[in-house]
1. What's the FRET efficiency of Asn351 with Ser5 using the Cβ-Cβ distance as r and R₀ = 41 Å, to the nearest 0.05?
2. Got a sec to turn the phi values of segment 332-348 into Karplus ³J(HN,Hα) couplings, 6.51 cos²θ - 1.76 cosθ + 1.60 with θ = phi - 60°, whole Hz, x for Gly and Pro?
3. Give the shape of segment 94-153 as rounded, prolate or oblate, defined through the alpha-carbon gyration tensor: a ≥ b ≥ c are the square roots of its eigenvalues, a/c under 1.5 means rounded, and otherwise the shape is prolate if a/b is larger than b/c and oblate if not.
4. I'd like the distance separating the alpha-carbon centroids of segment 1-52 and segment 61-123, in whole Å.
5. No other cysteine beta carbon under 4.7 Å away is the test; run it over the chain and list who passes.
6. Got a number for carbon plus sulfur as a percent of the chain's accessible area, 1.4 Å probe?
7. How much accessible area does His38 have with a 1.4 Å probe, in Å² rounded to the nearest 10?
8. Hey, what do the phi angles of segment 81-91 turn into as Karplus ³J(HN,Hα) couplings, whole Hz, using 6.51/-1.76/1.60 and θ = phi - 60°, x for Gly and Pro?
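The values are calculated or read from the model by the stated rules, or taken from the named source; none is laboratory data. Here the structure is a predicted model, which means the values were calculated and not measured. Backbone-built Cβ (ideal geometry, glycine too); neighbour counts: all protein chains shown. Just so you know, the surface numbers come from the protein's heavy atoms only, side chains and all, with ligands and any DNA or RNA stripped out. Shrake-Rupley method; radii C 1.70, N 1.55, O 1.52, S 1.80 Å.
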Amino acid sequence: MIFSSLSDWINLLLSAIQVLQESFLHALAALGLAQSSHGQPAWPFSHRLSGEVMLIDRSVARQLLSALGWSAAALLSFAIAWLWRRGRLAMLLVAAVIVFFTSWPDRRLLLAPAEPTSFHVSPSGFSAAAIVHGKQLYDQRCAACHAADGKGDTPLALSAPVAPPNLASGLLWRRADGELFWKIAYGMHDRHGATTMPGFTRQLTDNDLWDLIDFMKANAAGASIRDIGAWDQPVALPTLAGGCEQSSQPPTTSSNPWPGQRVRLVLASAKQPASFPLDDPRLRSVILADGAVSLPASHAGAPAIDCLLHSDDAWQALAIITGVSPDKLAGTQLLTDRDGWLRARKQADDNGNWSESDILCRAPATMNKDNAAGGLDSLIAAMDAEPVRFVKGGFVHATQ
């Protein structure tokens, strides 16, 4: 694996930190040494390893990488000393000197407060049904304070002693899902212990809380498109429940039975007849229909349609993610990469060919790139050149 920049190394560190702690927690659970919280193993410490500071101060990342490198050299010296009798004393001395002079970052920069659910994950994943149900809960329980768009600028919020966080920002991607779960379940408090947000663990089930988190992510994605015309954080195509009613493949209950392949999702409505694209070997075509849709004769035999799907939840969820009202969604096309991340969108009133300008999820340095030439080949090449390397709280695209 070749790492072309410090950002790549930071992502590697963040992934290693996450895997290390998750593996440790699961090992404790397997040995019966970890308690349970909300049906999953509970993190037993008040703090966890964190790489968040490295995203702000690259010098901390460089210092940590250097310390890890020198530590590896010390271990190698110890191993050589164990095997090489004649040079044992010298190699032990080298190892001791390396350990003594290795400079590690302040531990306070590498630790963050933790909750028992810090490493919990949603049991149902990111699904359209969860997003729709989460919206219903959000409207009932959260919108009065956090606002419908999540920005928290309601009169109730502005009158509170502590302003609520902006849920439409990158906050949701910086915080672990399990920690968001804990905050919603048990509320938040200021440094004096006063409640700044009530908890909902007695009013809502665990599944309700996870659905709320799914909706907040989808809602933040829609708010991002409305504000800057792009997804500033990657969002996956949600699981679209329901089998394909017409398919070129064997019956399936998954919205993407083609893992590792690009998917073009066409949203069609009987009220607004769409122009369906022809079959393309570079991707799989899924038509999500809002009601009965009459397909052109060229599509009736199914080879040009990999999946025809009806799902009210999917329609509503994609409206939230794309930041438009459901009645304006017909005719929209969405394109995912091979890993299932939503990368590009063609709006209903856009009759042109696909181009790089349709990419809505890409590295910040090229976010505003306007290249209307090249067609679908150019768009796919640009997507492949900037893959989503999602690490929670890290850098999400390959750097250029």
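1. Computed FRET efficiency for Asn351 and Ser5: 0.55.
2. 6, 10, 10, 10, 9, 8, 5, 9, x, 7, 5, 10, 9, 9, 10, 6, 4
3. Verdict is prolate for segment 94-153.
4. For segment 1-52 versus segment 61-123, the Cα centre distance is 17 Å.
5. Here Cys142, Cys145, Cys361 come out as lacking a disulfide-compatible partner, given the Cβ-Cβ threshold of under 4.7 Å.
6. Solvent-exposed carbon and sulfur of the chain make up 58 percent of the total.
7. The value for His38 is about 50 Å².
8. After applying 6.51 cos²θ - 1.76 cosθ + 1.60, I find 4, 5, 8, 10, 5, 5, x, 4, 4, 5, 5 Hz.
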